[in-house]
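What follows is one structure encoded as structure tokens, with my remarks underneath.
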Amino acid sequence: MRQSATDTGRFPATPRPVETRFDLDGLTSDGGLLWLVEADEELGLSSALSAAIPDWRRGPVRHSLPTLVRQRVLQIACGYPDQNDASTLRHDPLFKLGCGRLPGSGSPLASQPTLSRLDTAADEASCAALAAVLLEVYLRERERDGIPERILLDLDSTADPTHGNQEGSADHGYFGQHMFHPLLIFDGDTNQLISARLRPGNAHASWDVVVELERITRAIWEQWPDAKLEIRADGGFAVPALYDFCEQTNITYTIGLILNARLEWAAIPLQVAAQYRRDLTGETKVRFVSELEYQAGSWEQARRVVYKAEAMERGTNTRFVVTNRTDPPQAVYDWYGGRGETENWIKDLKRACWADRLSCHGFWANQFRLLLHAAAYWLLDTLRRWLRERKAPRMQLDTLRLRLIKIGGWVRELTTKVRLHLAESHPGQPLWRLLATREGRS
């Protein structure tokens, strides 16, 4: 839509003065948006999510719930996390086309007030239904390459700063800010997002983790009764309730332990040995790994603890994990170290999909928003997965968006078709060719 003619600017440092105006119809900044639509169609995501949302409207409506959800998720995936962005994007020809309307003659998409009302229409029951939809999508997509024999669940929490008097906002002493404290669960082998559960800002990292795992593991075993489950998590999840749950349900776990005086005392011989080895050989870093049987005061039984001691130039470093794995200590600790990848997946979710932009007042409205941002992650990650299948290098999701989606284009509505002209100089053309020729594409 043409904006105000007063939106002009000049660039006198160029060979000739350049005057700019936002006044040309039929152009889009997101020429690759239709790939996101294709991913949404294949996942069935927007339609399934919309079926779980109560319609707050009465009488005739201009925008169906599936269209509203797709518009909102596409905006997030394209880099527009705020509902206010709909004020202009509702007229974007490619957004209109992606939401089932003709790019020129079709009516505009939903406005910011309508999208805001969509957020606030959510309640606890609808959020639970939306979470179930994301879990169903995961189960279906995980099975594309065959029934898995093993599922690795990587657990983590993250800090989402809050602003103002939002429901559930609270000061967290460790992070030193008012925040929400979401629980995130990924598939540790595929980086697929399984769960995004909003929690109050003062919630412990392990708060409600057993409840969420009961929901997820029940669905996994209903789908794949013979699948072996494993859990990997940092020290924030080192609570007896989680160990007990895993042991009662035959789930393998490896969870970090927070250092205390008893553990520190037990590790002294290994620290001394590592430091002696470094002093003797001059190596930059020496690491030794060992194990012990340990029972904290809150535990009903002793458990296996694997620990490592490193000697480096800046001193010694000791870490502990509690586990019911039976591998040798070195193998256990090396395997536990793989959970560091979870930080990269959270960065994708927050930096590329703005999952920390939870600015509604109501708690369930913000849980709803978190799930929509998780849906945007699924769309972008699906494109990344398709490209990886075609041997393209793995990219962060914000890099993927820049190279594949952010292409200037001219959208022309013709009598029998729509023609999309894209920037000839855009370097993302090889990615387009890979997606266009992927196996199984109709």
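We did not get these values from a lab; they are worked out from the coordinates using the rules stated. Quick caveat: nothing in here was measured; it's all calculated off a predicted structure. FYI the Cβ positions are ideal-geometry reconstructions off the backbone, even for glycines, and counts take in every protein chain you see.
So here's what we get for this one:
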{"quantity": "Neighbour-limited loop hits for trypsin sites (Lys or Arg not before Pro), the range 264-330 (at most 14 other Cβ within 10 Å; DSSP other than H, G, I, E, B)", "calculated": "LYS285, ARG314"}
{"quantity": "With eigenvalues of the C-alpha gyration tensor scaled by 5 and rooted, the range 284-437, Å", "calculated": "47, 22, 15"}
{"quantity": "Helical segments meeting 15 Å axial Cα length and Kyte-Doolittle -0.5 threshold in the chain (DSSP H)", "calculated": "33-43, 65-78, 124-142, 209-223, 268-281, 363-389"}
{"quantity": "Positive-end residue of GLY26, GLY176, THR158, charge dipole of the chain with Cβ unit charges", "calculated": "GLY26"}
{"quantity": "Burial ordering of MET312, MET395, MET179, fewest other beta-carbon atoms within 10 Å first", "calculated": "MET312, MET395, MET179"}
{"quantity": "Two-site FRET efficiency, ALA132 against TRP56, from Cβ-Cβ distance with R₀ of 25 Å, rounded to 0.05", "calculated": "0.75"}
{"quantity": "ALA261-TRP299 FRET efficiency (beta carbon distance; Förster radius 22 Å; 0.05 resolution)", "calculated": "0.85"}
{"quantity": "Kirkwood hydrodynamic radius (C-alpha pairs) into Stokes-Einstein, the range 46-118, 20 °C and 1.002 mPa s, D in µm²/s", "calculated": "174"}
{"quantity": "Relative contact order of the range 124-352, defined on C-alpha pairs under 8 angstrom at six or more residues apart (%)", "calculated": "15"}
{"quantity": "Exposed chymotrypsin sites (Phe, Trp or Tyr not before Pro) absent - longest run of the chain, DSSP non-H/G/I/E/B, at most 11 other C-beta within 10 Å", "calculated": "175-442"}
{"quantity": "DSSP-defined beta bridges in the range 152-306 - what % are antiparallel, rounded to 5", "calculated": "70"}
{"quantity": "Simple spin-label estimate for ASP279 and ARG150 in nanometres, 7 Å along Cα-Cβ", "calculated": "4.0"}
{"quantity": "Residue-count net charge about ASN317 - beta-carbon cut-off 15 Å; Lys, Arg +1, Asp, Glu -1", "calculated": "+3"}
{"quantity": "Rounded to the nearest 20 debye, dipole of the chain from Cβ charges on Lys, Arg, Asp, Glu", "calculated": "1520"}
{"quantity": "For the range 57-120 versus the range 178-252, the gap between their alpha-carbon centres in whole angstrom", "calculated": "34"}
{"quantity": "Contact order relative to length of the range 340-395, as percent, for alpha carbon pairs under 8 angstrom and 6 or more apart", "calculated": "27"}
{"quantity": "Semi-axes of the equivalent ellipsoid for the chain, Cα gyration tensor, largest first, Å", "calculated": "45, 26, 22"}
{"quantity": "The chain: relative contact order in percent, alpha carbon pairs under 8 Å with at least 6 residues between", "calculated": "18"}
{"quantity": "Fewest-first ranking of HIS426, HIS373, using other Cβ atoms within 10 Å as the exposure measure", "calculated": "HIS426, HIS373"}
{"quantity": "Residue exposure sequence - ASP30, ASP171 - by fewest surrounding Cβ within 10 Å", "calculated": "ASP171, ASP30"}
